Amino acid sequence: MKQELVSVLTGTAFAISDAQGDMMPDPRAPVGLFTFDTRFLSHWVLTVDGQRLQALSRDEMTYFETKFVLVPGAASHYVDADVSVIRHRSIDDSFNERIVVLNHSAEPAEFTVRMEIASDFADTVEIKEPGARRVVVTPMPAEGELRLRYQRERFTRETVVSSTAPVDVDPSGMTFRIRVPPNGSWTTDLHIVMIIQGAGARDLRASLEAHRERIRRDMREDLRRWRARAPELVAERDGLREAYEGSLADLAALRFAPLSIRGRLPVGGLPWAMALYGRDALITCLETLPFTPELASATLRLLALGQGGQLDDHHEEEPGKIVAEYRYGESAVFGEAPTYLHYGAADNTPLFVILLDEYERWSGDAELVRELRHTARMALDWIDEYGDMTGDGYVRYQRRNTRFGLVNQCWKNSPGAIVDAEGREPALPRATCELQGYAYDAKRRGARLAREFWGDPAYADRLEREAAELKTRFNRDFWLPHGEYYALALGPDGEPFDALTSNMGHLLWSGIVAEDRAEAVARHLVGPQLFSGWGVRTLADGQLVYNPVGLHLGAVWPSDNAIVAAGLRRYGYDEAAARIAAGIFDMVGTLGGPVPEVIAGYHRDFTRYPVQLPHAGRPQSWSSGALLMLLGTILGLSPCGENLLVNPAIPEGFGRIELLDIPGRWGHADAYGRDRALTGRGRRPGLR
């Protein structure tokens, strides 16, 4: 049985424990206290008189604080306990746990409260099997502190645990021998400072006060302002507003401030992706532009800062290529895993140009477009110079790092994800269909930027010509007339691989699909082989390797579905887009809580309930963003110069939806829509 895990998080700092608040290493999940890819606490276990505690209740107050109400002993008798314990924990750059022991008897009581403490300073990439490290443990009883330190050359990480109450400190933890008056209480704060790269001694009292003030005022106020800046949703459908507010809070939790630029941008998500992933960040920003546009500018600037400038097989770096992953852990610093700056993704580079253009369309931030001109042109050059590996005009991928690199360097990046209908894998280098759509879209958008902001009409003409040629070539080589859909990929010799997949929806989103083929594509996407009732499967039922619990071989991803639905609306297939949106909203409402990264692809009529996958992350930035993108899609939000275009196609049964104070270059605007019978290919848009 899967154990319930509880988390507090803010950006790259997070703590994951069991339902009682204890932390012990688990090879199946990153349990412990982490920041910047290092585990600073691996063992954090509370006992009273030698007994572990059992949970009565838990209050998940915000994403950065939670409260456990506990009693000692086994479940068979704890309801009669005359002592209870409250653990109130919070996290920012440091971690604090306030422990309150309550005596419910009419007599004074004495207890021995013990916190077992240890750290293995494991890198997040090795949680399944942490390596041995020599950790120096220094008890400091006079100061009420326990220091744990790991150093390898200049790489230094240190955990400092301090107590506000008198305590006995030993190398394995802290012990409190307390006397609690009748119906009274005892309290201590255990404050944990995470020191990176030997940042010298700190005044821990001041640090604790700063933490309290930041939690009490700054972070709560920041969350309030974050929500206030986003549009207000008014919805007749039960649960829709709650899901929207929850997604906004999850996105707030997943913001982090990088060390090199101002602003905050999204990490991938809990539990395994609490770092910058280029693809996740780019797609999250594209999903959330009508709601939280501030994420995009910081993301673009940081990715531009790390853009490839040389050929480096270990990191799979190429001039112009956009970063796939950026980590700070020990293995990255010492080159044992190429994750410090890793470039093993073929889609990030065109997506960078797409986001830059789309951000300007929403924000009117011409200054950023001019600032990133060189970066964007290098990215466009990469498409033709390094992306086109065989000279046939298609973006392909093949890993340079044969030890660590991913075989599949598209969004479906698991082994065996790129196949034909019989399960055969193409040889390398591979050209997946959605990469060509992204390249087409990037060239068209690059042409707009060149003409309107860079003062280079000749370059714009060239990009538009190349995009048109790519569209013609693509519709010739990827189209499968016998099935009336696009091949998932081409092998190096141009052989099409005919798996029926959700990737076709990305083609609609990019605009590369020929008009006379869009109807057939739309029909497949909401047909019984691909559409499960909850959403579009990654691979169609009926393909030989279809697997409803396979991440990219039949499961349903909200982020994928958001792009598919937006693509269907782009070509006017409103009813199909509304069906997909309704399925995802139903899934989120049924499960409650953060939008999952992925669910199983079982048909809705078969399971009656969305089946979660054990390794799916929650919250995930591009899943939470997907809910916002779907809202924007069913409302038909699109910038049109200094105006916001609104063209609603609300799913049946949703009633009336209002989205108020949508930010953009127009200032703020409102959008309204209500469900109607959806027929034909859409309605005339209106301006708001």
Test for Pro130: is it open to solvent by 50 Å² or more (accessible area, probe 1.4 Å), out of contact with any helix residue (DSSP H, G or I) (no Cβ under 6 Å at 6 or more places or on another chain), in a loop (DSSP other than H, G, I, E, B) and closer than 27 Å to Asp82 by Cα: no
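So which residues in the stretch 309-342 are of a type in the set (Ser, Thr, Tyr) and open to solvent by less than 20 Å² (accessible area, probe 1.4 Å), if there are any at all? Talk me through it step by step, then tell me what you get.
Taking the stretch 309-342 first, the residues of a type in the set (Ser, Thr, Tyr) are 326, 328, 331, 339-340.
Hits for the stretch 309-342 are Ser331, Thr339.
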The lone exception for Ala431 - which of (1) in a helix (DSSP H, G or I); (2) crowded, with 23+ Cβ neighbours inside 10 Å; (3) not hydroxyl-bearing (Ser, Thr, Tyr) it fails: (1)
The stretch 454-467 residues that are closer than 16 Å to Gly437 by Cβ and part of a loop (DSSP other than H, G, I, E, B), paired with ones that are of a type in the set (S, T, N, Q) and open to solvent by less than 40 Å² (accessible area, probe 1.4 Å) (beta carbon under 6 Å, 6 or more apart): none
Cross-chain or 6+ apart pairs with Cβ under 6 Å, the stretch 435-451 first and within 17 Å of Asn475 (Cα to Cα), then aromatic (Phe, Trp, Tyr) and not in a helix (DSSP H, G or I): Gln436/Tyr394
Answer residue from the stretch 343-392, given it is in contact with an Asp or Glu (Cβ under 7 Å, 6 or more places away or on another chain) and open to solvent by 10 Å² or more (accessible area, probe 1.4 Å) and is farthest from Tyr277 (Cα to Cα) among those: Ala366
Candidates Leu591, Leu645, Leu613 - the one that is open to solvent by 10 Å² or more (accessible area, probe 1.4 Å), closer than 27 Å to Gly527 by Cβ, free of Cβ contacts under 8 Å to residues at least 60 places away in the same chain and not aromatic (Phe, Trp, Tyr): Leu591
Enumeration of residues in the stretch 528-538 that are open to solvent by less than 10 Å² (accessible area, probe 1.4 Å) and either without any contact (Cβ under 8 Å) to a residue 60 or more places away in the chain or among the polar types (S, T, N, Q) (or both): Leu530, Ser532, Val536, Thr538
Filtered residue count, the stretch 595-606, keeping only those that are of a type outside the set (D, E, K, R) and open to solvent by 40 Å² or more (accessible area, probe 1.4 Å): 3
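Just to be sure, is Arg98 part of a loop (DSSP other than H, G, I, E, B), surrounded by 13 or more Cβ atoms within 10 Å (Cβ to Cβ) and among the basic types (Lys, Arg)?
no
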Residue list for the stretch 508-519, restricted to those being of a type outside the set (Phe, Trp, Tyr) and either open to solvent by 10 Å² or more (accessible area, probe 1.4 Å) or touching a strand residue (DSSP E or B) at 6+ places or on another chain (Cβ under 6 Å) (or both): Ala514, Glu515, Asp516, Arg517, Glu519
Any pair with Cβ under 7 angstrom, 6 or more apart, that starts in the stretch 100-120 at a residue that is more than 30 Å from Ala132 (Cα to Cα) and modelled with pLDDT of 95 or more and ends at one that is assigned to a loop (DSSP other than H, G, I, E, B) and open to solvent by less than 20 Å² (accessible area, probe 1.4 Å): Asn103/Gly184
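Go over the candidates Gln54, Gln3 one by one and state the one that is free of Cβ contacts under 8 Å to residues at least 60 places away in the same chain, touching a helix residue (DSSP H, G or I) at 6+ places or on another chain (Cβ under 6 Å), more than 23 Å from Thr159 (Cα to Cα) and open to solvent by 10 Å² or more (accessible area, probe 1.4 Å).
Gln54
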Count of residues meeting criterion [surrounded by fewer than 23 Cβ atoms within 10 Å (Cβ to Cβ), touching a helix residue (DSSP H, G or I) at 6+ places or on another chain (Cβ under 6 Å) and either hydrophobic (A, V, I, L, M, F, W, C) or at pLDDT 95 or above (or both)] in the stretch 253-267: 1
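Return the residue satisfying two criteria in turn: it lies in the stretch 558-588 and is without any contact (Cβ under 8 Å) to a residue 60 or more places away in the chain and within 19 Å of the chain's Cα centre (by Cα), and of such residues it is farthest from Met61 (Cα to Cα). Can you show your working first?
Going through the stretch 558-588, the residues without any contact (Cβ under 8 Å) to a residue 60 or more places away in the chain turn out to be 576, 580, 583-584, 586-587.
Next cut, within 19 Å of the chain's Cα centre (by Cα) only: 584, 587.
On the way: Ile584: 26, Met587: 24 Å.
The extreme case among them is Ile584.
To keep it simple, each residue is scored yes or no on (1) closer than 17 Å to Pro141 by Cβ; (2) open to solvent by 20 Å² or more (accessible area, probe 1.4 Å); (3) in contact with a Ser or Thr (Cβ under 8 Å, 6 or more places away or on another chain); (4) at pLDDT 95 or above.
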residue	(1), (2), (3), (4)
Ile196	no, yes, yes, no
Asp203	no, yes, no, no
Glu213	no, yes, no, no
Met219	no, no, yes, no
Leu223	no, no, yes, no
Tally of residues being more than 20 Å from Val333 (Cα to Cα) and in a loop (DSSP other than H, G, I, E, B) across the stretch 31-44: 2
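Starting from residues that are of a type in the set (A, V, I, L, M, F, W, C) and within 17 Å of Glu358 (Cβ to Cβ), keep the ones in the stretch 620-629 and report whichever is surrounded by the most Cβ atoms within 10 Å (Cβ to Cβ). I'd like the intermediate steps shown before the answer.
The initial filter retains those residues of the stretch 620-629 that are of a type in the set (A, V, I, L, M, F, W, C), namely 622, 626-629.
Filter once more, so that each one left must be within 17 Å of Glu358 (Cβ to Cβ): 622, 626, 628-629.
Values: Trp622: 33, Ala626: 30, Leu628: 25, Met629: 27.
Of everything passing the filter in the stretch 620-629, Trp622 is surrounded by the most Cβ atoms within 10 Å (Cβ to Cβ).
The values are calculated or read from the model by the stated rules, or taken from the named source; none is laboratory data. No experiment lies behind these values; they were computed from the predicted model shown. So basically every Cβ, Gly included, is an ideal-geometry build from the backbone, and we count neighbours across all protein chains shown. Ligands, DNA and RNA are stripped out before the accessible areas are found, and what is left, the full protein with its side chains, is counted by its heavy atoms. Shrake-Rupley method; radii C 1.70, N 1.55, O 1.52, S 1.80 Å.
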